[in-house]
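The values are calculated or read from the model by the stated rules, or taken from the named source; none is laboratory data. Being a predicted model, the structure only gives us computed values, none of them experimental. So basically every Cβ, Gly included, is an ideal-geometry build from the backbone, and we count neighbours across all protein chains shown. Side chains are part of the model used for accessible areas, which takes the heavy atoms of the whole protein and leaves out ligands, DNA and RNA. Shrake-Rupley method; radii C 1.70, N 1.55, O 1.52, S 1.80 Å.
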Amino acid sequence: MKRKIMIVILLAICATGLWFFQVSGKSVETPREIPASPEQKKELQTALSVIEQAFGSNNTATVSRLYGLSDRERKAAECETGVDPVRAGMEQLGGFGCKLKVENAAFLAVDRMPARFYITGDLCDGRTVRFTLNRTKRGLRLNEVVVR
C-alpha cells in the first residue's frame, strides 16, 4: 500500500515539474520598434529641437530638466549604476556645442509599450545618436543618450 502511494506521489511531482517547465520555458516576445504615428512624430520633433538646443547650450541645469531628475534623484541613479545620466549624456554630446544637429532623424515608438519612444539620427561627424524618451505625467523625459 505504501508503495502505491509513493508511486502516485512521484507521478504527481513529475507531472507538476513537467507543467512548470513547459510554462516557464515559453519565450517572451520582445517589443518591436514601429514608426511613430503622425501625432507622436510631431511631438517627438519638438522634443528633438529642445534636446538639440539644451545640449547645444552645454548647461547642466538645462539638460538636467530634460531628464526630469532632481539633484537627489541624480545622486541616487549614480549610486545605483555608477554613472550620472546627465553627465554621461553631456560627455557624449558636449563637444558639439551649438553645432549639434541631428540629421535623417527617425522617430520610433515601441509596440506594447506606449510610453517609450526612440529618436535616432546621424550627427555631423558621421556617428549615429539614439535618444530614448519616456512619457511621464509631466511630459516626455529623456532617459538615455547613446552615440555610436
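Using bins of 10 Å that start at zero, the share of Cα-Cα pairs per bin across the chain amounts to 10, 31, 25, 10, 8, 8, 6, 2, 0, in whole %.
Taking the accessible area of segment 4-148, probe 1.4 Å, and keeping the other protein chains in place, the carbon and sulfur fraction comes to 57%. Put ILE13, ILE51 in order of accessible area, highest first, and with a 1.4 Å probe you get ILE13, ILE51.
A full extension of the chain between THR132 and VAL50 corresponds to an added length of 28.1 nm, given 0.36 nm per residue minus the alpha carbon distance. Compared with the dominant Cα axis of the chain, that is its longest principal axis, helix 2-24 is turned about 20°.
Among ARG87, ARG138, the order of accessible area from largest down is ARG138, ARG87, computed with a 1.4 Å probe on protein heavy atoms.
222 nm [θ] for the chain, helices only, -39500 (n - 2.57) per DSSP H run of 4+, per residue, to 500?
On the way: 5 runs with 71 residues, N = 148.
After summing the helix terms and dividing by the residues of the chain, the value is -15500 deg cm²/dmol.
Bridge orientation summary for the chain: considering DSSP beta bridges with both residues in this region, about 100 percent are antiparallel. If you take the beta carbon distance between LYS75 and LYS101 as r and set R0 to 25 Å, what does 1/(1 + (r/R0)^6) give as a FRET efficiency, to the nearest 0.05? Working from the Cβ atoms, E equals 0.20. Distance from the Cα centre of segment 23-94 to that of segment 105-146, in angstrom? Going from one Cα centre to the other spans 7 Å.
A simple rule links phi to the HN-Hα coupling: the Karplus curve 6.51 cos²θ - 1.76 cosθ + 1.60 with θ = phi - 60°, which for segment 50-56 gives 5, 4, 4, 5, 5, 6, x Hz, with x for Gly and Pro. Placing a pseudo-label 7 Å from each Cα along the Cα-to-Cβ vector at ALA88 and ALA61 gives an inter-label distance of 2.5 nm. Could you point to the residue in LEU123, PRO31, LEU133 farthest towards the positive end of segment 29-148's charge dipole, with +1 and -1 charges on the Cβ of Lys/Arg and Asp/Glu respectively? About the Cα centre, the residue reaching furthest to the positive side is LEU133. Charging the Cβ of each Asp and Glu at -1 and of each Lys and Arg at +1, and nothing else, the dipole of the chain about its Cα centre rounds to 800 debye. Residues in the chain average 70 Å² of solvent-accessible surface per residue, probe 1.4 Å, ligands and nucleic acids excluded.
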